[in-house]
Each structure stands twice: as C-alpha cells, then as structure tokens.
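Taken together, the values in this text are just the output of simple stated rules run on the coordinates, not laboratory data. Just so we're clear, the structure is a prediction, and the values are computed from it rather than from any experiment. Please note: Cβ atoms are built from the backbone with ideal geometry, for glycine as well, and neighbour counts cover all protein chains shown.
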Amino acid sequence: MQRAIKTTQLRHIAAILPGHPFRGTITPVPSAETRVVQVRDIDEFGDISVEQLITTEITGRKRPDYLDKGDILFVVKGARHFATYVQQLPENCVCSPYFFIIRIKPEQQKKVLPEFIKWQLNQKPAQKYFKNSAEGSSHVSIRRKILEDTLITLPSIATQQRIVALHRAAVSEHKVLQQLIDNRRQQLDAIAYELINA
C-alpha cells in the first residue's frame, strides 16, 4: 500500500528569517569582508552568481544572520516571487531585505530536502498562491505570514531526492541548449557584420 503523502504549512518545517536590514542603497566597500546576495545576483537559471557579489560594511552590534549551505532565499519584493537554493557561498554572506531566508528546522532535516522545498516553491501551485496573495501596486510584496502559510507537500525523502535529481538534469540540459543558442547567435552576428563591412 502506498504511503500517504503529507501536506503541511511551510512554518511547520522551516524558520522564516528576514534579510539583512540595510537602509537605502547597499554601498560596495572593496576592502570589506561581508558579501551581499541581491536579487540581481540570481541568474536566469535561478542560481546565485557568486563571482558578482559585492562586499560591504555591516554596522550595528547584533551579529548578522549569515547564510548557511542549505538555506533557501525567497524573493519577496518585485514582479517575481521565487526561491533560490544556497549551495556554496563564501563565508560571511548576508542577503538584502528583498529576500526572506527559509531555514529548515533541525528536527526536520532528515525528512525534508531544502532543494526540494525550493523546487516546490517555484512550481505553478505555489506561484499561483503567491500571485493571488501579493500586496501593493507599484511595489508588490509577499508578507511573512503568507510565506509561512504556504502549503507544502512532502513525499518520502527518496521521492524528494528523485525530483531534485530530475530538476538538476533539466536545468543542466537548459544551460547546454542556451549555450548552443548563444553560440549560433554570435555566429550569425559575425556573418552579418562581415557582409556589411565587405
């Protein structure tokens, strides 16, 4: 008999933390040790572009919530609300206030793969929920309560692993195809340039 698939709210399996409370524009400080993940650092495949992270000074006495491997960053402000997975970042990284940090609770870590949760948050059912729940007109945002109440379906850990592997393969294929498209476009641009300047 097939095991029942559990459905729960995100708040029962993860803590939701705000991004670092920067005020205004984040000023680059090349000599600083703290790197900042901003929405612009997420590439078209949903990955964090580590090489373009800026460094800046962190003020205040409170220790920042530095990002850990396995964290999920969720974009809460802007036209698109999506999740990205923190796989490998340098030490002392924070994220901007445009994100919430989703951190799987310690007692849930043997039952829940964060990369699977990231995948699920980006799928149509959750995306429809976020679209219907977003607030504001010019600056659309998702409140923490809305994110906490997101319904999450939890199959077995083995099924989560299979879905994550399938998703990784799909992203890898997409990257290869995109590179082929870009190469062909560059080739055609070069031909056009040669014809004009012949």
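(1) of a type in the set (A, V, I, L, M, F, W, C); (2) surrounded by 11 or more Cβ atoms within 10 Å (Cβ to Cβ); (3) closer than 23 Å to Glu51 by Cβ; (4) over 16 Å from the mean Cα position of the chain (by Cα): which one isn't true of Val176, the others all being true?
(2)
Residue pairs, Cβ under 8 Å, 6 or more apart or interchain, first in region 45-66 and closer than 19 Å to Arg23 by Cβ, second of a type in the set (Ser, Thr, Tyr) and assigned to a loop (DSSP other than H, G, I, E, B). List them.
Matching pairs, first to second residue: Thr55/Ser31; Thr56/Thr27; Glu57/Thr27.
Within region 31-48, how many residues turn out to be surrounded by fewer than 15 Cβ atoms within 10 Å (Cβ to Cβ), part of a loop (DSSP other than H, G, I, E, B) and not small (Gly, Ala, Ser)?
Going through region 31-48 one residue at a time, the tally reaches 5.
Given the structure, is His139 surrounded by fewer than 13 Cβ atoms within 10 Å (Cβ to Cβ), closer than 21 Å to Gly19 by Cα and touching a residue at least 40 places away in the same chain (Cβ under 8 Å)?
So His139 fits the description; yes.
Among the residues of region 92-100, is there at least one that is closer than 24 Å to Thr34 by Cβ, in contact with a helix residue (DSSP H, G or I) (Cβ under 7 Å, 6 or more places away or on another chain) and crowded, with 21+ Cβ neighbours inside 10 Å?
Scanning region 92-100, I find at least one residue that is closer than 24 Å to Thr34 by Cβ, in contact with a helix residue (DSSP H, G or I) (Cβ under 7 Å, 6 or more places away or on another chain) and crowded, with 21+ Cβ neighbours inside 10 Å, so the answer is yes.
Would you mind telling me which numbered condition in (1) in contact with a His (Cβ under 7 Å, 6 or more places away or on another chain); (2) part of a helix (DSSP H, G or I) Glu51 fails?
(1)
Checking the condition small (Gly, Ala, Ser) and within 18 Å of Ala15 (Cβ to Cβ), which residue from Ala83, Ala158, Ala79, Ala134 passes?
From the options Ala83, Ala158, Ala79, Ala134, the qualifying one is Ala83.
Are any residues in region 142-173 more than 22 Å from the chain's Cα centre (by Cα) and of a type in the set (S, T, N, Q), and if so, which ones?
Within region 142-173, Ser156 is the sole residue that qualifies.
Find all pairs meeting these conditions: Cβ atoms under 8 angstrom apart; at least six residues apart or on different chains; first residue within region 172-198 and under 24 Å from Asp47 (Cα atoms); second residue loosely packed, with under 10 Cβ neighbours inside 10 Å.
Partner pairs satisfying both residue conditions: Gln178/Glu44.
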